[in-house]
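The values are calculated or read from the model by the stated rules, or taken from the named source; none is laboratory data. Given the structure is predicted, the values throughout are model-derived calculations rather than measurements. Cβ placement follows ideal geometry from the backbone for every residue including glycine, while neighbour counts extend to all protein chains displayed.
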Amino acid sequence: MTYLISCIAIVMLAITASAQTRVAANPVFSAVTMNGKTVDTAKLRGKIVVLNLWFINCPNCLQEIEQLNDLVDEYKGNKDVVFIGLAASRKPDLERFLARYPFKYQIVPDATMLILTRFGTPDRSGEINVPFPMHYVLDREGNVTVRARGIAGIEFVKSELKRQLAAKK
């Protein structure tokens, strides 16, 4: 009986890890950042794109900003990596927030509909859910290779960046 329970637990853990790290999605979108620059995932093919879904009233989102800024600093000189933050917050609110708490990703304001349509998952009742904060890594072809939630998800992002950059060499 203990063996059976252990096997079930291992299978469930593997499924959970797989769901956290690998999905078969290719989110194509074009959006305007806080500074007026257009980011277009189709035009970013050939680069590794790191996405963060967040909003300013999300305590877990705010806790990870420092670590995400460190990640941007680590890859600052690497033109093959692009960091984009899709914010489900209004631009005026973000302007006030970012003046006080800088976030080094290219921030896309007012991205609620983009987040829901490209990254939301319908539940059994048909409501679309998006857990926050959520991280995605898109490979050079625009495919999602990592989908991970929260501060713990940053480690998945770091590992995937190293793996993809090593694969190019």
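At-a-glance table
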item	result
The lone exception for residue 99 - which of (1) more than 22 Å from residue 37 (Cβ to Cβ); (2) in a helix (DSSP H, G or I) it fails	(1)
Counted residues, the stretch 53-96 - those being farther than 22 Å from residue 32 by Cβ, in contact (Cβ under 8 Å) with a residue 40 or more places away in the chain and part of a helix (DSSP H, G or I)	5
Single match in 126, 150 (criterion: farther than 19 Å from residue 76 by Cα and exposed (fewer than 14 other Cβ atoms within 10 Å of the Cβ))	126
Residues within the stretch 116-144 that are in contact with a Ser or Thr (Cβ under 8 Å, 6 or more places away or on another chain) and at pLDDT 90 or above, tallied	4
Test: residue in the stretch 128-149 that is farther than 15 Å from residue 49 by Cβ and among the basic types (Lys, Arg)	yes
Of the criteria (1) modelled with pLDDT under 95; (2) farther than 22 Å from residue 153 by Cβ; (3) of a type in the set (S, T, N, Q); (4) surrounded by 10 or more Cβ atoms within 10 Å (Cβ to Cβ), which one residue 2 fails	(4)
Any hit, the stretch 68-79, residues being small (Gly, Ala, Ser), closer than 29 Å to residue 168 by Cβ, modelled with pLDDT under 95 and out of contact with any strand residue (DSSP E or B) (no Cβ under 8 Å at 6 or more places or on another chain)	yes
Count - residues of the stretch 141-165 that are touching a Phe, Trp or Tyr at 6+ places or on another chain (Cβ under 6 Å) and part of a loop (DSSP other than H, G, I, E, B)	0
Unmet requirement for residue 126, which otherwise passes all of (1) closer than 23 Å to residue 39 by Cα; (2) among the small types (Gly, Ala, Ser); (3) assigned to a loop (DSSP other than H, G, I, E, B)	(1)
Hits in the stretch 129-140 (condition: in a loop (DSSP other than H, G, I, E, B) and either among the charged types (D, E, K, R) or closer than 14 Å to residue 29 by Cα (or both))	139, 140
Selection from the stretch 129-144 of residues that are touching a helix residue (DSSP H, G or I) at 6+ places or on another chain (Cβ under 8 Å) and either buried (at least 18 other Cβ atoms within 10 Å of the Cβ) or over 18 Å from residue 86 (Cβ atoms) (or both)	133, 134, 135, 136, 137, 139, 140
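Here is a yes/no grid of residues against (1) surrounded by 10 or more Cβ atoms within 10 Å (Cβ to Cβ); (2) modelled with pLDDT of 95 or more; (3) under 23 Å from residue 138 (Cβ atoms):
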| site | (1), (2), (3) |
| --- | --- |
| 7 | yes, no, no |
| 25 | yes, no, yes |
| 32 | yes, yes, yes |
| 52 | yes, yes, yes |
